[in-house]
Amino acid sequence: MINTAAMKSWQGPPKLPVGLRSIGWILLVLIGTYALAMVAGLVQPEEKVNALWLVIAAVCVHVLAFRFYGSFLARKVVTLDDARLTPAHTENDGINFVPTNRWVLLGHHFAAIAGAGPLLGPVLAAQYGFFPGFLWLIVGAVVAGAVQDFVILVFSMRRKGCSLSTMAYDVVGPVTGMAAMFAVLFVVIIAMAGLGLAVVNALEHNSWGTFTLAMTIPIALLMAWLGRKSRPWSIAQTTLTGVVLLVLVIAGGRMVAHSSWGNWFDVGHGSLVWLLAGYGFVAAVLPIWLLLIPRDYLSSTMKVAVITLLAVGVVVIHPMMQMPRFTQFVAGGGPIIKGPLFPFLFITIACGAISGFHSLVASGTTSKLIDLESHATLGYGAMQMESVVGVVALIAASILEPGDYIKINSLLSDLELEKLGFPPVHSEELCRLVEQECTNRVGGGVSLAIGMASIFGGLPGLNKIPGLMAYWYQFALLFEALFILTTIDAGTRVARYLVQELGGRAYRPFGDFSSMPAAVIASLLVVSAWGALLYTGSVSNLWPMFGVANQLLGTVALCVSTSVLIRMKRARYLWVTAIPMVAVAIVTLSACVELIGQFLNEGRWVNAVLVLSIALLVVVVLLDAGIKWVRWLGGNGPPEDPPAAGGRGGEPPSPGRCC
């Protein structure tokens, strides 16, 4: 998208004296500790919690984790070294392997990983109360999700940008490799269908949103041209152009929707599914710099701006959390999620804490675009950003009255809600303000949009403008769709790589990423599979499947990471990946057992077989890898894993470290 050949890596601001830095970190620890105590109810337990404390606690924990734990991972565990050439240089083809500016790449990576999970998962999990979801969003991201994203990105980068499944094949062996390949393929197809469902539900017969989302494609193409023409524009100029155009199409969307042109963008469910599949196909086939990177960068700009504005809104209006810390549904039988808190909270929140899908993005596209090894820390930071997105989404849902929240996200009547102890309070007023029927809209997207609109509408100077709530509501729905669609285009491209790698084992030319016929065939197979599943699926069956598949893939990624650490002679650091691997495996396999029983009782045999297949494949991976670990740690290990593809200028990598 953008010419980065002459750009220099930002070295950061001047460092403060050690004493001042130490005082700053100590203050951050104290502030974060007090905020966590407020959220947990250890301080003022009888009072409602101000949402501001959740933001403060989340920011403090993540800043401290990035500074200390992230630095430990970079220095000691994977030993990043800028003297090593990355695949973006050694394999540079101008299509899939392209050295990319770190901030542009952070935008692409964050846009690709941050889909429906951190937005809708925490909203649905609020049924159990806000505290369990908040705690898992913070702890899970720091010790599991961000670790997985970072180490997989580094290990793929040091293997010429190979995919997770290829890494499993090469590092552990053919049994784990083939099982991982088929597991990943199942997971990607289910994930794309699950994520696509949220986009379709948001845009169905929504001319305003469909028009605005469609216009992001020509804007992205324009940004790509501006960044690669004979006299390319700077990142700042290109970004500003894209943002201005995006604001204009958002503002003009309502006018288009109410004009004769609105009928062109008033699209039903079936048509949206195949339009979405068509976009995924085009994004997977075109050169990565032409559409996927600029569009994801544009989307991430909007994402970061909106999440920042939401956080500022929480700080300014500091709303109270209306949802209690825990509800009676922790034992199960809830109106939104039928299962108990364990294990369904974890598979519902999914991406906000740990996401196996991230490992596909990290190894599928991002590892091919890293300019310097030190830039790989964006993998840890981007997952932390996604965790904050999840916290903000949880706040947006939890500031609604519990009765209103449940009425929006379930099909229960007012009488049934009163029997549960959660009567609706403002639901009719909310529908009037957003100019849409917003009750009994399952899936989490509508309640999130109303919560976001309430925060935006409460900002000083905006809370007295009549009719503005409807604008904020539509803007929030668009934000959700844009958030999710960027994951679908990157995910489809990753799946295309996977199909080509799998087919390349039978017919070598098919595995050539630069082959257009192979790219077209692989992309058609992928979009046809997830498009068909999306066409026939619903929230009630796709989202739980997406949750368990996603978490099982995270288990596989952590398993492969553990294997690589052993081969790197880093056995003393196995706890970094092994502990979260075991925890996620126990939780998710427990959820698989319950889901399979639930699907069988409902007569959903295909769903049950898919979940069982993925679970068995993951068990095969864990058993095969475990046997290899015992052998390797006993002294019968393989040759030491190569640290990188090669040093600069053909020389061996230097022993120097980047950080």
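The values are calculated or read from the model by the stated rules, or taken from the named source; none is laboratory data. Fair warning: this is a prediction, and the values are worked out from it, not measured in the lab. Please note: Cβ atoms are built from the backbone with ideal geometry, for glycine as well, and neighbour counts cover all protein chains shown. To get the accessible areas, we keep the full protein, side chains included, count just its heavy atoms, and leave off ligands, DNA and RNA. Shrake-Rupley method; radii C 1.70, N 1.55, O 1.52, S 1.80 Å.
Being among the β-branched types (V, I, T), within 23 Å of Q436 (Cβ to Cβ), open to solvent by 30 Å² or more (accessible area, probe 1.4 Å) and not in a loop (DSSP other than H, G, I, E, B) is true for just one of V256, V243, V273, V247. Which residue is that?
Exactly one residue qualifies, and that residue is V247.
For every residue, the table says whether it meets (1) polar (S, T, N, Q); (2) within 26 Å of the chain's Cα centre (by Cα); (3) under 26 Å from Q384 (Cα atoms).
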| residue | (1), (2), (3) |
| --- | --- |
| Q237 | yes, no, no |
| G253 | no, no, no |
| K303 | no, yes, yes |
| V316 | no, no, yes |
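For the stretch 155-171, how many residues are on the phi > 0 side of the Ramachandran plot and either open to solvent by 10 Å² or more (accessible area, probe 1.4 Å) or touching a His at 6+ places or on another chain (Cβ under 7 Å) (or both)?
Residues flagged as on the phi > 0 side of the Ramachandran plot and either open to solvent by 10 Å² or more (accessible area, probe 1.4 Å) or touching a His at 6+ places or on another chain (Cβ under 7 Å) (or both) within the stretch 155-171 amount to 1.
Within the stretch 259-270, can you find the residues that are more than 30 Å from V527 (Cβ to Cβ) and assigned to a helix (DSSP H, G or I)?
Across the stretch 259-270, the qualifying residue is only S260.
Select from the stretch 172-181 the residues that are touching a helix residue (DSSP H, G or I) at 6+ places or on another chain (Cβ under 6 Å) and either within 22 Å of S528 (Cα to Cα) or surrounded by fewer than 24 Cβ atoms within 10 Å (Cβ to Cβ) (or both) and list them in ascending order.
Once the filter is applied, which keeps residues that are touching a helix residue (DSSP H, G or I) at 6+ places or on another chain (Cβ under 6 Å) and either within 22 Å of S528 (Cα to Cα) or surrounded by fewer than 24 Cβ atoms within 10 Å (Cβ to Cβ) (or both), the stretch 172-181 yields V175, G177, A180, M181.
Tell me whether the stretch 296-317 contains one or more residues that are in a helix (DSSP H, G or I), among the aliphatic types (A, V, I, L, M) and touching a Pro at 6+ places or on another chain (Cβ under 9 Å).
Yes, the conditions are met somewhere in the stretch 296-317.
Could you please find all residues in the stretch 194-219 being surrounded by fewer than 24 Cβ atoms within 10 Å (Cβ to Cβ) and small (G, A, S)?
Those that are surrounded by fewer than 24 Cβ atoms within 10 Å (Cβ to Cβ) and small (G, A, S): S207, A214.
Which helices (runs of 4 or more DSSP H) does the stretch 373-452 wholly contain that include 3 or more residues that are more than 19 Å from P324 (Cβ to Cβ) and of a type in the set (A, V, I, L, M)?
Where helices (runs of 4 or more DSSP H) fall fully within the stretch 373-452 and carry at least 3 residues being more than 19 Å from P324 (Cβ to Cβ) and of a type in the set (A, V, I, L, M), they are 378-398, 427-434.
Could you tell me which residue of the stretch 536-587 is farthest from S410 (Cα to Cα), considering only residues that are open to solvent by 20 Å² or more (accessible area, probe 1.4 Å) and of a type in the set (V, I, T)?
I579
More than 13 Å from V142 (Cα to Cα) and modelled with pLDDT under 95 - does that describe any residue in the stretch 64-73?
No, there is no match, as no residue in the stretch 64-73 is more than 13 Å from V142 (Cα to Cα) and modelled with pLDDT under 95.
If we keep just the residues of the stretch 482-530 that are surrounded by fewer than 17 Cβ atoms within 10 Å (Cβ to Cβ) and modelled with pLDDT under 80, which is farthest from S299 (Cα to Cα)?
Step by step, filter the stretch 482-530, then rank; the result is R505.
Only one residue in S374, S363 is of a type in the set (S, T, Y), crowded, with 24+ Cβ neighbours inside 10 Å and either touching a Leu at 6+ places or on another chain (Cβ under 7 Å) or closer than 15 Å to K303 by Cα (or both). Which one?
That would be S363, the only listed residue that is of a type in the set (S, T, Y), crowded, with 24+ Cβ neighbours inside 10 Å and either touching a Leu at 6+ places or on another chain (Cβ under 7 Å) or closer than 15 Å to K303 by Cα (or both).
Looking at A353, A331, which is the one that is under 30 Å from L553 (Cβ atoms) and either open to solvent by 10 Å² or more (accessible area, probe 1.4 Å) or modelled with pLDDT under 90 (or both)?
A331
For (1) small (G, A, S); (2) modelled with pLDDT of 85 or more; (3) closer than 22 Å to V188 by Cα; (4) open to solvent by less than 10 Å² (accessible area, probe 1.4 Å), each residue gets a yes or a no:
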site: E91; (1), (2), (3), (4): no, yes, no, no
site: N96; (1), (2), (3), (4): no, no, yes, yes
site: A112; (1), (2), (3), (4): yes, no, yes, yes
site: G121; (1), (2), (3), (4): yes, yes, yes, yes
site: V139; (1), (2), (3), (4): no, yes, no, no
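Restricting attention to the stretch 591-612, which residues are open to solvent by 40 Å² or more (accessible area, probe 1.4 Å), assigned to a helix (DSSP H, G or I) and touching a residue at least 40 places away in the same chain (Cβ under 8 Å)?
E594, Q598
Which condition number in (1) surrounded by fewer than 24 Cβ atoms within 10 Å (Cβ to Cβ); (2) of a type outside the set (D, E); (3) closer than 25 Å to V78 by Cα is the one that Q322 fails?
(3)
When the stretch 267-304 is examined, which residues are found to be out of contact with any helix residue (DSSP H, G or I) (no Cβ under 8 Å at 6 or more places or on another chain) and free of Cβ contacts under 8 Å to residues at least 40 places away in the same chain?
Selection gives S271, L275, V282.
Applying the selection to the stretch 565-578, what residues are more than 24 Å from the chain's Cα centre (by Cα) and outside any loop (DSSP other than H, G, I, E, B)?
Hits for the stretch 565-578 are L565, I566, R567, A571, R572, Y573, W575.
May I ask you to list the residues in the stretch 334-349 that are open to solvent by less than 10 Å² (accessible area, probe 1.4 Å) and over 19 Å from G444 (Cα atoms)?
Answer for the stretch 334-349, where residues must be open to solvent by less than 10 Å² (accessible area, probe 1.4 Å) and over 19 Å from G444 (Cα atoms): just P343.
Exactly one of (1) part of a helix (DSSP H, G or I); (2) within 30 Å of Y380 (Cα to Cα); (3) out of contact with any Ser or Thr (no Cβ under 7 Å at 6 or more places or on another chain) is unmet by M581. Its number?
Going through the list (1) part of a helix (DSSP H, G or I); (2) within 30 Å of Y380 (Cα to Cα); (3) out of contact with any Ser or Thr (no Cβ under 7 Å at 6 or more places or on another chain), M581 breaks only (3).
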